[in-house]
Amino acid sequence: MANFSFLADKPEYRAFSKDCIDAEEAFQNSFDSCVKLVRTALDAAVKWTYANDKALSAQRKKLPVDKRDNLYDLTANETFERAVGKDLAGKLHYCRKAGNAAIHNEREFSAEEAVKCLGNLFDFVQWIDKRYGKNFKPRAFNPEDVPAKDSALKKFLKGAGLVAVGVIGTLAAKILADKNKS
């Protein structure tokens with residue numbers, strides 16, 4: 001079962017659930033498309049959060065009209081960062097920046113980067129479900145559940161020594177370690 005499939009059973013998340021599911025499914029065809037769709041899903045989920053939280057809604061109304069729908073302005077303000085926490089806010093900024101780069105074809109994205117974006121989006125969706133959802137059930141992102149053609153992802157996980165490990169933190173640590181070697 002894919003990581004975001006549980007959203008299909010939650011009609012209250014209709015505004016962003018399909019985007020999350022589509023982003024994960026896109027992984028098997030294009031890492032760049034996956035990253036683009038993560039950004040699209042993030043945008044929809046953040047706007048849903050603002051629409052469903054009185055404090056955030058009040059913050060949005062304080063923004064100039066031209067900034068009320070800007071993902072950066074919605075996620076880079078004290079009220080939002082206080083609500084989600086600095087760690088999660090940082091993950092969302094990573095997805096926003098990566099998504100923008102993918103949308104503008106600034107570079108190609110790797111499987112590792114696409115998985116990191118999916119994991120970060122998943123963490124945000126879990127935060128939303130915990131805070132606003134009905135019948136919250138804790139879940140963990142499992143990179144092995146990301147749909148992949150003849151498993152480019154599984155090859156990466158095996159090469160990274162992560163087969164059977166479903167913890168995005170371990171994956172992120174491996175990615176960071178590899179980047180620091182470069």
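Key figures for this structure:
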read-out: Among residues of the range 97-120, those that are in a loop (DSSP other than H, G, I, E, B), within 19 Å of PHE27 (Cβ to Cβ), open to solvent by 60 Å² or more (accessible area, probe 1.4 Å) and not basic (Lys, Arg), counted; value: 2
read-out: Subset of the range 1-18 (residues that are in a loop (DSSP other than H, G, I, E, B) and within 13 Å of the chain's Cα centre (by Cα)); value: ASN3, PHE4
read-out: Criterion: of a type in the set (Gly, Ala, Ser), touching a helix residue (DSSP H, G or I) at 6+ places or on another chain (Cβ under 6 Å) and at pLDDT 95 or above - qualifying residue of ALA44, ALA51; value: ALA44
read-out: Among residues of the range 1-11, those that are under 14 Å from GLN126 (Cα atoms) and out of contact with any Ser or Thr (no Cβ under 7 Å at 6 or more places or on another chain), counted; value: 4
read-out: Leading residue by the ranking (most open to solvent (accessible area, probe 1.4 Å)) among those in the range 86-96 that are in contact (Cβ under 8 Å) with a residue 24 or more places away in the chain and under 16 Å from ASP53 (Cβ atoms); value: LEU88
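The values are calculated or read from the model by the stated rules, or taken from the named source; none is laboratory data. Source: prediction; values computed, not measured. Cβ atoms come from the backbone with ideal geometry, glycine included; neighbour counts cover every protein chain shown. Surface areas here come from the heavy atoms of the whole protein model, side chains and all, with no ligands, DNA or RNA. Shrake-Rupley method; radii C 1.70, N 1.55, O 1.52, S 1.80 Å.
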